[in-house]
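Undergrad: Starting off with a structure, shown below.
The values are calculated or read from the model by the stated rules, or taken from the named source; none is laboratory data. This structure is a prediction, so every number in the text was calculated from the model and none was measured. Positions of Cβ are generated from backbone atoms using ideal geometry, with glycine treated the same way; all protein chains shown enter the neighbour counts. Ligands, DNA and RNA are excluded from the accessible area calculation, which covers all protein heavy atoms including side chains. Shrake-Rupley method; radii C 1.70, N 1.55, O 1.52, S 1.80 Å.
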Amino acid sequence: MPAIRSTFLRRGTAALAALPLLALAACGYGSESRDDKPAKVAAGAEKTDGLDTVKIGYFGNLTHGTALVGVQKGFFQKELGATEVKPAVFNAGPSEIEALNSGSIDIGWIGPSPAINGYTKSNGKSLRIIGGSASGGVKLVVNPEKIKSLKDVKGKKIATPQLGNTQDVAFLNWAAEQGWKVDAQSGKGDVTVVRTDNKITPDAYRSGSVDGAWVPEPTASKLVAEGGKVLLDESALWPDKKFVITNIIVRQGFLKEHPKAVEAVLKAAVETNKWINAHPDEAKAAANKQLETDSGKALSAKVLDPAWKSIRFTDDPLAATLDTEARHAVKAGLLDKPNLKGIYDLTILNKVLKAEGESPVDDAGLGSS
């Protein structure tokens, strides 16, 4: 199986070197420690699959809202009984994949590009995508004084979160469709791509180091709060305005050894998404409360409200769009053509959905069986 190119695996070192004023402020790629109290375990509850804990990873992004709300409202803990949920918060995909491979986490919420990367790099042995979580929530936000139309993006400096990450691939593909040439690794060309950690992108925008950014929520709405303008919502580029932004992945060994625990987590995820869609305002508040627990700071209403509205929570992994995103990475020169057959195993999810009276979801021919 072809390997991921080294440019896709690097963590943007060359790109960060072009940001001397920002590099010192950049965050690491590791997870953040968690000292908050676990959700209460019901009296008489039993351990699931005999496990003491199930370790769940996610990002502090609203696009990972299923995990945020599920942890905050206790959906995961309820389904796992006396097996304790142990959350871990990550800043970037590579560190979460490393944690999954090492057994530091068992199940994770993650974007399509790191999932593809992790699966391909391991020759299909490290992970499976077992469910969907969210669509949308990605925008091109620009300085309206410098960029007034899409054609004005040419010649400007646009931030993406990381070399080869989901938004980086999406922006490079969009730029290519405009007829612009950009060297994927260096980010130099008709547009300058500046790889910048989401946590410092608002500072980069404020200082004028970048003229805009192609970023997920809540970073996009933070830029709008700084005076930026949404020039393009990525959902407008996709059929039915749907594309995968967050999947649920599992370590293959954990899936094989502890299917009951995986089923419990997926059942909780389905219940969480149903609750989010039925109670959007309460869900938004719960996600924000978990962000505050994880980071020490909640989002303001002017950031939270528009950000939350742009995300659609779904159990469907939208597998066909992941395949498209992989082809975009190949076209950008970030990925050798991968064999993604087997990246999905939706068996347990479809079992859960059937029990809930919901329709099964499709793996677009990329299933493990």
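Undergrad: Could you order peptides 321-328, 262-269, 99-106 by the average number of other Cβ atoms within 10 Å of their residues, highest first?
TA: Those peptides, ordered most packed to least, come out 262-269, 321-328, 99-106.
Undergrad: Classify region 61-219 from the C-alpha gyration tensor, please: rounded if a/c falls under 1.5, else prolate or oblate depending on whether a/b exceeds b/c.
TA: Here region 61-219 falls in the prolate category.
Undergrad: Let me ask something else about it. With a/c under 1.5 counting as rounded, go ahead and sort region 176-232 into rounded, prolate or oblate using the C-alpha gyration tensor (a ≥ b ≥ c being the square roots of the eigenvalues; past the cut-off, prolate if a/b is larger than b/c, else oblate).
TA: In terms of gyration-tensor shape, prolate.
Undergrad: Now for a different question. Taking every DSSP beta bridge that has both residues in the chain, what percent is antiparallel when rounded to the nearest 5?
TA: 60 percent
Undergrad: Here's another thing I want to ask about it. Would you calculate the volume per residue, in Å³, of the smallest convex hull containing every Cα atom of the chain?
TA: Spelled out: Cα convex hull of the chain, divided by residues, is 125 Å³.
Undergrad: Taking the Cα atoms only, what angle lies between the long axis of helix 93-102 and the longest principal axis of the chain, rounded to 10 degrees?
TA: 30 degrees
Undergrad: Specify whether the C-alpha gyration tensor of region 139-225 places it in the rounded, prolate or oblate class, a ≥ b ≥ c being the square roots of the eigenvalues: rounded for a/c under 1.5, otherwise prolate if a/b is larger than b/c and oblate if not.
TA: Since a/c reaches 1.5 but b/c is at least a/b, the shape of region 139-225 is classed as oblate.
Undergrad: On average, how much accessible surface per residue is there in region 293-355, in Å², for a 1.4 Å probe, leaving out ligands, DNA and RNA?
TA: With the other protein chains kept in place, region 293-355 gives 47 Å² per residue.
Undergrad: Could you tell me what percent of the accessible area of region 305-369 is made up of carbon and sulfur, with a 1.4 Å probe and every protein chain present?
TA: 49 percent
Undergrad: Pop out the carbon and sulfur fraction of the accessible area of region 186-288 as a percent, whole number, probe 1.4 Å.
TA: Taking all protein chains in place, region 186-288 shows 49 percent carbon and sulfur surface.
Undergrad: Given a 1.4 angstrom probe, what's the average accessible area per residue across region 115-156, in square angstrom?
TA: Heavy-atom accessible area per residue stands at 37 Å².
Undergrad: What is the Cα coordinate range of region 244-369 on the first, second and third principal axes, sorted by size from largest, in whole angstrom?
TA: Over region 244-369, Cα extents along the principal axes are 43, 40, 27 Å.
Undergrad: Right, next: Based on Cβ point charges of +1 for Lys and Arg and -1 for Asp and Glu, what charge dipole magnitude is obtained for the chain about its Cα centre, in debye rounded to the nearest 20?
TA: 740 debye
Undergrad: Compute the helix-to-body angle for 112-121: its Cα long axis versus the longest principal axis of the chain, expressed 0 to 90° and rounded to tens.
TA: That helix lies at roughly 80 degrees to the long axis.
Undergrad: Which angle between 0 and 90 degrees, to the nearest 10, do you get for helix 166-177 versus the longest principal axis of the chain when only C-alpha atoms count?
TA: Helix 166-177 sits roughly 40 degrees off the main axis of the chain.
Undergrad: Which of the peptides 115-121, 211-217 is most tightly packed, and how do the rest follow, judged by the mean count of other Cβ atoms within 10 Å per residue?
TA: So the peptides 115-121, 211-217, ranked by packing, come out 211-217, 115-121.
Undergrad: Below 8 Å between Cα atoms, with a sequence gap of 6+, how large is the relative contact order for the chain in percent?
TA: 26 percent
Undergrad: Any chance you could check the Cα centroid distance between region 195-211 and region 87-158 for me, in angstrom?
TA: One Cα centre to the other: 18 Å.
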